[in-house]
Amino acid sequence: TANVLATLKGTEHPDIVYVVSSHYDSNASGPGADDDSSATAALLEAARVLAKRPMPATIIFASFTGEESGLLGSREFVRRAQEGGMRLAGALNNDMIGWANDHRLDNTIRYSNAGIRDVQHAASFLTKLVTYDARYFKSTDAAAYVEAYGDIVGGIGSYPVLGNPHYHQPTDLLETVNHELVAETSKVTVASIMLLASSPSPVRDLKANGPAGGPVRVTWAASPEKNVTGYVVAWGPADAPLRHTMRVVKPAATIPGATPGMVVSVKAVNVRGLEGWDWARTPIK
């Protein structure tokens with residue numbers, strides 16, 4: 001009947017928030033060991049590992065209720081977050097991470113944001129986990145984030161969900177969950193949220209203006225992180241948008257030789273040398 005939340009306050013910019021979430025409710029047809037006690041275990045493990053290791057940004061560990069009844073808990077969480085003015089920069093939502101149909105330890109990154117997807121693929125190389133990916137978030141708690149905050153979601157879960165023969169069945173028991181798979185997925189979750197909460201969030205309000213054939217003036221809102229030292233600006237045709245790059249200190253740049261149809265991309269860089277985990281992009285018109 002209630003969400004269970006734990007907050008690890010950020011050390012440098014606590015007003016910027018990332019969430020790791022799963023749902024703890026089950027379907028009446030089954031006990032829910034994989035759906036979704038498996039991801040609840042990963043959530044608790046992430047909280048245990050990070051409890052005494054706060055990151056620059058705030059991390060909320062959210063165990064949602066009511067997912068099986070229509071995303072009730074996650075939608076209530078984001079409703080309250082918006083109502084309270086929470087600056088929610090990114091989220092990892094795990095759902096059904098414990099089913100293995102063979103000897104491989106593999107799982108699927110289910111995402112809306114390609115930058116977070118790439119972070120999670122990279123994190124998997126630190127573990128035994130083999131990752132695939134699918135741009136999929138509908139009918140899961142990830143959808144609640146997208147509805148309220150847009151393209152900010154990653155996470156790991158079964159895809160397709162019906163790949164697990166125990167899905168919503170009485171046989172969704174602890175004995176049908178691969179514990180090593182849950183452990184390796186937990187490691188990827190921890191590594192991913194650590195990088196996200198330590199890196200600049202994507203810049204906002206990116207605009208590119210200028211006369212046709214002339215220098216294009218690019219502006220964006222200054223990053224909210226306190227430790228940002230500059231920005232990487234990239235531009236190029238749609239099939240090679242990162243062909244040219246420059247570094248600037250202030251949230252503005254002049255791009256020579258840019259033409260309509262090109263794409264401009266911007267990332268912030270912090271004092272540790274970490275770049276933002278996703279590009280902000282806009283076409284030149």
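Overview of results
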| quantity | calculated |
| --- | --- |
| Options Tyr132, Tyr159, Tyr167: the member that is under 26 Å from Ser69 (Cβ atoms) and free of Cβ contacts under 8 Å to residues at least 60 places away in the same chain | Tyr159 |
| Residue check, Leu206 in contact (Cβ under 8 Å) with a residue 12 or more places away in the chain and closer than 19 Å to Ile255 by Cβ | yes |
| Residue match in the range 92-113 (condition: under 18 Å from the mean Cα position of the chain (by Cα) and open to solvent by 30 Å² or more (accessible area, probe 1.4 Å)) | no |
| Which listed residue, of Ala142, Ala134, Ala122, is farther than 21 Å from His23 by Cβ and out of contact with any helix residue (DSSP H, G or I) (no Cβ under 6 Å at 6 or more places or on another chain) | Ala122 |
| Given (1) at negative phi; (2) open to solvent by 10 Å² or more (accessible area, probe 1.4 Å); (3) more than 17 Å from the chain's Cα centre (by Cα), number of the condition Gly73 does not satisfy | (2) |
| Search result, residues across the range 175-202 that are open to solvent by 40 Å² or more (accessible area, probe 1.4 Å) and of a type in the set (A, V, I, L, M) | Ala183, Met194, Leu195 |
| Hey, Val161 open to solvent by less than 80 Å² (accessible area, probe 1.4 Å) and out of contact with any Ser or Thr (no Cβ under 8 Å at 6 or more places or on another chain) or not | yes |
| Per-region count, the range 236-257, residues within 19 Å of Asp205 (Cα to Cα) and in contact with a Pro (Cβ under 7 Å, 6 or more places away or on another chain) | 2 |
| Count - residues of the range 1-26 that are in a strand (DSSP E or B), of a type in the set (S, T, N, Q) and within 16 Å of Ala142 (Cβ to Cβ) | 2 |
| Members of the range 119-151 found to be open to solvent by 10 Å² or more (accessible area, probe 1.4 Å), acidic (Asp, Glu) and under 22 Å from Arg87 (Cα atoms), listed by number | Glu147, Asp151 |
| Within the range 80-170, strands (runs of 3 or more DSSP E) holding 3 or more residues that are of a type outside the set (Asp, Glu) and farther than 29 Å from Ala2 by Cβ | 130-134 |
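This table checks each residue for (1) open to solvent by 20 Å² or more (accessible area, probe 1.4 Å); (2) more than 25 Å from Ser112 (Cα to Cα); (3) assigned to a strand (DSSP E or B); (4) touching a residue at least 60 places away in the same chain (Cβ under 8 Å).
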| position | (1), (2), (3), (4) |
| --- | --- |
| Val232 | no, no, yes, no |
| Trp235 | yes, no, yes, no |
| Asp239 | yes, no, no, no |
| Leu242 | yes, no, no, no |
| Lys250 | yes, yes, no, no |
| Thr259 | yes, yes, no, no |
| Val266 | no, no, yes, yes |
| Arg272 | yes, yes, no, yes |
| Arg281 | yes, no, yes, yes |
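The values are calculated or read from the model by the stated rules, or taken from the named source; none is laboratory data. These figures come from a predicted structure and were not determined experimentally. Quick reminder, even Gly has a Cβ in these numbers, built from the backbone with ideal geometry, and neighbours come from all protein chains shown. For the accessible areas, the whole protein counts, side chains as well, though only heavy atoms, and no ligand, DNA or RNA atoms are used. Shrake-Rupley method; radii C 1.70, N 1.55, O 1.52, S 1.80 Å.
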